[in-house]
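The values are calculated or read from the model by the stated rules, or taken from the named source; none is laboratory data. Nothing here was measured: the structure is a model prediction, and the numbers come from that model. Using ideal geometry, Cβ is built from the backbone for each residue, glycine included, and neighbour counts are taken over all protein chains shown. For accessibility, only protein heavy atoms count, side chains too; no ligands or nucleic acids. Shrake-Rupley method; radii C 1.70, N 1.55, O 1.52, S 1.80 Å.
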Amino acid sequence: MKAGKRIGILTSGGDCAGLNAVIRAVVHRATGYGWQVLGIKEGTQGLLQRPVQYQTLDLGSVDGHMMRQGGTILGTTNRGDPFAYPMPDGTLKDRSDEIIGGYRELGLDALIGIGGDGSFAILHKLAQKGGFPMVGVPKTIDNDLGKTEVSVGYDTAVAVAVEALDRLQPTAASHHRVMVLEVMGRDAGHIALAAGIAGGADVILIPEIPYSIESIATKIKDVRDSGRNFALVVVSEAVKTLEGTGVKKILQGGEKRYGGIGDYIGEKIADATGAETRVTVLGHVQRGSMPSPRDRLIASAFGVHAVDLIAEGKFNRMVAWSNRSVIDVPITEAIEHYSCVELDGALVKTARGLNISFGD
Ligand code: F6P
């Protein structure tokens, strides 16, 4: 290990709880090696700006409350692929050389990118083109990155969703209602599945398992027949309508995001069962919380391991959680392997064992 390295760190993609805990761990470990850490602002956007936007990170800047803080002190973005960057005149421009130039201006020896599959695909491509060493730390509330059992942010998002169910249960019982909770997760149902089990849901709908309204209605009838007059339903945002389409909102600039399937399912349940139904869309609340203890632990372990990889000269790797250990895997494998809910996995079996319906 060469002393006096200078490493860069950036957060990229949607934020989540635990990002600051990763940054803190990286700064601690790198300082231990006698290295300097530069925090790049707003993901790769900071490397596009001139002067390059960054801040020097030392122990003084990451101690105190940072471990507890949601979001990312560096800022992030989930827009603007530098290889096809949207320009004000509506055209797309390859600005990757500018980003590589920004990296060089900072005189970095390596880059740690904290991101999900989309960010890693871009960062890996940049690192290959620019010939610079890079290591990835997985984060996403969706927990859909391949090759790691868990990503930073997922545990907190599940905790927020469970808390929502804890709060919906008494009001559902008081009003004899069916409460539908729509949660995030992109194309994977991990948040819905875990939160549904831990939050005592009667029905969990995930994109991996096709459902029918009849089956959901039968479950709600069974609940009523058992003497209970309310029910909790968790719906993952990417669940499709009966016609097979995903429900999305069109945002400014024409971008699309999942949102609205909860209302659709709520209406169908009301029609099929006559039950008074209310829908809650949890949204970005799942991302903005104070990180859970488990997310702080995972983030810390990942941050330390990422710096150790640089010390060992191991690049193009992503740190990962596997079988109670922190390991590292080729980042390309993590990008290529999208991790959906496994239909024969422990949690699906658990839910079925608890008589939770998937609407199938
Ligand atoms: O990938 C994280 C995530 O929160 C998804 O669960 C969700 O579909 C999406 O990001 C929302 O993106 P945005 O923050 O751009 O609305």
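Structure notes:
- Number of residues in the range 254-270 that are part of a helix (DSSP H, G or I) and free of Cβ contacts under 8 Å to residues at least 12 places away in the same chain equals 2.
- Any hit, the range 228-248, residues being more than 12 Å from the ligand (Cβ to nearest atom), more than 29 Å from the chain's Cα centre (by Cα) and not polar (S, T, N, Q): yes
- When residue 83 is tested against the conditions (1) part of a loop (DSSP other than H, G, I, E, B); (2) surrounded by 15 or more Cβ atoms within 10 Å (Cβ to Cβ), the lone failure is (1).
- Residue check for residue 308: farther than 24 Å from residue 185 by Cβ, open to solvent by less than 40 Å² (accessible area, probe 1.4 Å) and not assigned by the TED database to the domain that holds residue 132: no
- In the set 76, 31, 56, 72, only one residue is part of a strand (DSSP E or B), hydroxyl-bearing (Ser, Thr, Tyr) and modelled with pLDDT of 95 or more; that residue is 56.
- Residue count for the range 132-152, restricted to those that are among the β-branched types (Val, Ile, Thr) and closer than 21 Å to residue 99 by Cα: 2
- Residues of the range 208-227 that turn out to be more than 16 Å from the ligand (Cβ to nearest atom) and either crowded, with 17+ Cβ neighbours inside 10 Å or in the same structural domain as residue 88 (by the TED database) (or both), as a count: 7
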